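Have a look at the structure below before the remarks.
The values are calculated or read from the model by the stated rules, or taken from the named source; none is laboratory data. Bear in mind that the values here come from a model prediction, so they are computed numbers and not experimental data. Neighbour counts are summed over all protein chains in view; Cβ atoms, including those assigned to glycine, are modelled from backbone coordinates with ideal geometry.
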Amino acid sequence: MKLHEFQAKAIFKEWGIPTPEGAVAFSAGEAREIASRLTTDRFVVKAQIHAGGRGKAGGVKIVATPDEVEAAAGEILGMNLVTHQTGPEGKEVQKVLIEAASSIKQELYVGVLIDRKLYRPVVMASAEGGMEIEEVARKSPEKIFKEWIDPLVGFRAFQGIKLGFKLGFDARLSRKLAAFLAKLVKLFEGVDAALCEINPLVLTAEDTFIALDAKLSLDDNGLSRHPNLAELRDITEEDPLEVEASKYNLNYIKLDGNIGCMVNGAGLAMATMDMIKLSGASPANFLDVGGGANAEMVENAFRILMSDPKVKAVLINIFGGILRCDTLATGVVEAARKLHVDRPIIIRLEGTNVEEGRKILNDSGLDFQVADGMGEASKKIVSIIQSFT
Ligand code: GDP
Ligand code: MN
């Protein structure tokens, strides 16, 4: 689950990590009010969306007076921000963070995340702060320093100091950085984070470290342990179809192709997406209805797939194990009747009660293309895409 910068910074504060003074505003007037309460002569107005790269896209403005804060907030609120992380459709700004501006001596990057290959958290630091860290990683990976955390002994002070030296700091500043990083790691573990990044982490004119930006993503599987954090979810930032799917415990992720797919099991779903690609088409989504789906879940899944206007055809690929083929067929037939489906539907069924399932589909009077095996499903997709062009 992604958090907004202002939410992440509130959590930072609780864990003793310094952040600029500020508050979130939902209107230009409110932004002005917040600014007039801050004791500073320079303010930052920052768009709050679930994506980075706001600075370059015009979503971060530095101004001098509360009047200018009001004007800048008025400009940013309602803006459709397109950054390298939002995708071409962009994100509408609904709130802005108003902060006292910091005096920057140096911008750094620090992050804590899980190294999936080594099965442990890794702390990363780079002197190339304020830039797209993805680009630094691509072009000059030697400029990103890493310290892995042994889960049994935790993050040690020497590791933080070592990172400080690698960034070019003296012993005094390296110890300061180590203390900062130790708090960040505590927070990371304490909230069950999946990713925690500060870009830029700033060294101020007074030689203190302060988190100028904050990106925090929580591990969805840990949310049940943090009900107060789970409440921070902002569904207005999420894809509406994904929000709808999550209500029914469906693992649905929207993609940008035009072949909708409904599959049971994540592995089969991946294989199916590969097969769609190999056929020369592109999947409109990932959807795992789960091993134990019932007819109602299948119906909901089908409705969600069909409400994506980009979907030109649907491929249903089910291996009947716990989810029996006749249950699936019943769900699909009911959904197709209700939704007055006007697009081709290819179904490949195999496994428990497959004959009963096929019979339900054939007797329904609806126009399904039942495929015998993955190979035939692929051929049917090819002929459908050819009919588009
Ligand atoms: P992002 O572009 O979405 O990652 O947003 P950031 O929070 O990182 O802000 C983008 C850039 O704005 C930073 O890299 C800074 O250069 C600049 N910026 C943000 N806050 C301040 C501030 O308080 N003082 C100064 N001088 N620059 C700031
Ligand atoms: Mn940033």
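For segment 168-184, the set of residues classified as in contact with a strand residue (DSSP E or B) (Cβ under 7 Å, 6 or more places away or on another chain) and either surrounded by fewer than 20 Cβ atoms within 10 Å (Cβ to Cβ) or over 30 Å from residue 223 (Cα atoms) (or both) consists of 176 only.
Looking at the structure I just gave you, is residue 287 closer than 21 Å to residue 248 by Cβ and either at pLDDT 90 or above or of a type in the set (Lys, Arg) (or both)? Answer is yes for this residue.
Residues checked against (1) of a type outside the set (D, E, K, R); (2) touching a residue at least 40 places away in the same chain (Cβ under 8 Å); (3) in contact with a strand residue (DSSP E or B) (Cβ under 6 Å, 6 or more places away or on another chain); (4) not in a loop (DSSP other than H, G, I, E, B):
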site: 99; (1), (2), (3), (4): no, yes, yes, yes
site: 102; (1), (2), (3), (4): yes, yes, yes, no
site: 112; (1), (2), (3), (4): yes, yes, yes, yes
site: 123; (1), (2), (3), (4): yes, yes, yes, yes
site: 129; (1), (2), (3), (4): yes, yes, yes, no
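Note on segment 185-216: residues that are crowded, with 21+ Cβ neighbours inside 10 Å and of a type in the set (S, T, N, Q) amount to 1. For segment 217-231, the criterion of being crowded, with 21+ Cβ neighbours inside 10 Å and at pLDDT 95 or above is satisfied by at least one residue. Every listed requirement among (1) modelled with pLDDT under 95; (2) among the small types (Gly, Ala, Ser); (3) within 29 Å of residue 190 (Cβ to Cβ) is met by residue 8 save one, (1). Across segment 364-389, the number of residues qualifying as without any contact (Cβ under 8 Å) to a residue 60 or more places away in the chain, within 18 Å of residue 320 (Cβ to Cβ) and either surrounded by 12 or more Cβ atoms within 10 Å (Cβ to Cβ) or not small (Gly, Ala, Ser) (or both) comes to 6. Annotation note: of 217, 174, the sole residue that is part of a helix (DSSP H, G or I) and of a type in the set (Gly, Ala, Ser) is 174.
Scanning segment 241-268 for residues that are assigned to a helix (DSSP H, G or I), surrounded by 15 or more Cβ atoms within 10 Å (Cβ to Cβ) and charged (D, E, K, R) returns 242, 244.
Which residue pairs have Cβ atoms under 7 Å apart, sit 6 or more places apart or on different chains, and have a first residue in segment 203-229 that is in the same structural domain as residue 130 (by TED's automatic domain parsing) and a second that is part of a loop (DSSP other than H, G, I, E, B) and of a type in the set (D, E, K, R)? Pairs that qualify, where the first residue is in the same structural domain as residue 130 (by TED's automatic domain parsing) and the partner is part of a loop (DSSP other than H, G, I, E, B) and of a type in the set (D, E, K, R), are 218/192; 219/192; 222/192; 225/192; 226/192. All of 44, 63, 69 fail the test of being within 16 Å of ligand 2 (Cβ to nearest atom), aliphatic (A, V, I, L, M) and not assigned by TED's automatic domain parsing to the domain that holds residue 184, apart from 44. The set of residues from segment 120-145 being crowded, with 17+ Cβ neighbours inside 10 Å and either touching an Asp or Glu at 6+ places or on another chain (Cβ under 6 Å) or small (Gly, Ala, Ser) (or both) comprises 123, 125, 126, 129, 130, 136.
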